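The values are calculated or read from the model by the stated rules, or taken from the named source; none is laboratory data. Fair warning: this is a prediction, and the values are worked out from it, not measured in the lab. Heads up, the Cβs are rebuilt from the backbone with ideal geometry, glycines too, and the neighbour counts pull from every protein chain shown. Surface accessibility is based on the protein's heavy atoms, side chains included, excluding ligands, DNA and RNA. Shrake-Rupley method; radii C 1.70, N 1.55, O 1.52, S 1.80 Å.
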Amino acid sequence: MTKIDLSPGQNDEGSARRRQILEIAARLFARKGYRGTSMRDIGEQAGVLGGSLYHHIKSKDALFIELHNAALDEAEERIAEAVRAQSGPWARLLAACATLLDIQLASDSLTTPMMNDFREVPEPVREQLIARRDRFEGLFRSLVEALPLPPHIDRSVYRNLLLIQLNATADWYRPGRLTPGEIAAQIVAVFRHE
């Protein structure tokens with residue numbers, strides 16, 4: 001399973017229980033979306049009575065933001081690690097794309113729903129999710145800035161089109177023909193300009 005790092009700050013029993021609740025909530029949000037998941041659903045799955053759940057979780061909005069940010073933190077860390085292992089701007093871009101697709105195309109990924117479910121959330125929550133997503137995309141911003149692109153190509157448009165393509169891959173991908181790494185190589189080949 002694609003894990004979201006929910007490491008508790010302490011190793012006490014309350015922190016372990018909170019982590020368990022967060023993992024259950026992440027699976028429910030991934031399966032049912034923001035709107036389709038209620039605090040009651042989370043409590044029932046976790047075996048926690050209504051009022052007790054709020055001892056561990058402030059609100060549904062705060063919970064979703066925390067899980068979303070943890071998903072992006074984990075993805076950002078994995079991508080940065082893959083990029084560091086490469087030399088050359090095209091190799092670094094390919095490593096970033098391949099790692100992102102590995103994360104997003106995992107059959108049991110919790111990361112993709114956490115990163116992409118912005119339509120159903122309230123506006124204040126959406127603003128926080130978008131701010132964190134924009135920080136995540138800074139990684140791709142720096143990768144695109146380092147590319148030897150012709151001067152007539154707008155790097156912002158290039159980056160946005162690349163990310164749209166990568167994020168849409170989960171909509172059509174079916175395991176079997178190409179691996180996520182092979183798809184990333186195809187996408188980078190299409191986007192390569194020198």
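Pro122 satisfies every condition listed in (1) closer than 25 Å to Gly36 by Cα; (2) loosely packed, with under 11 Cβ neighbours inside 10 Å except (2).
Counting only helices (runs of 4 or more DSSP H) that sit completely within the range 104-194, those holding 1 or more residues that are modelled with pLDDT of 90 or more correspond to 123-145, 155-172, 180-191. Open to solvent by less than 50 Å² (accessible area, probe 1.4 Å), modelled with pLDDT under 85 and part of a helix (DSSP H, G or I): does that describe Gly43? Criteria not met by Gly43. Please go through the range 126-166 and give me each residue that is in contact with a helix residue (DSSP H, G or I) (Cβ under 8 Å, 6 or more places away or on another chain), open to solvent by less than 60 Å² (accessible area, probe 1.4 Å), closer than 27 Å to Ser87 by Cβ and aliphatic (A, V, I, L, M), ordered by number. Selection gives Leu139, Leu143, Val144, Ala146, Leu147, Leu149, Leu162, Leu163, Leu166.
With the requirement that a residue be more than 24 Å from Leu161 (Cβ to Cβ) and open to solvent by less than 40 Å² (accessible area, probe 1.4 Å), what does the range 70-105 give you? Across the range 70-105, the qualifying residue is only Ala70.
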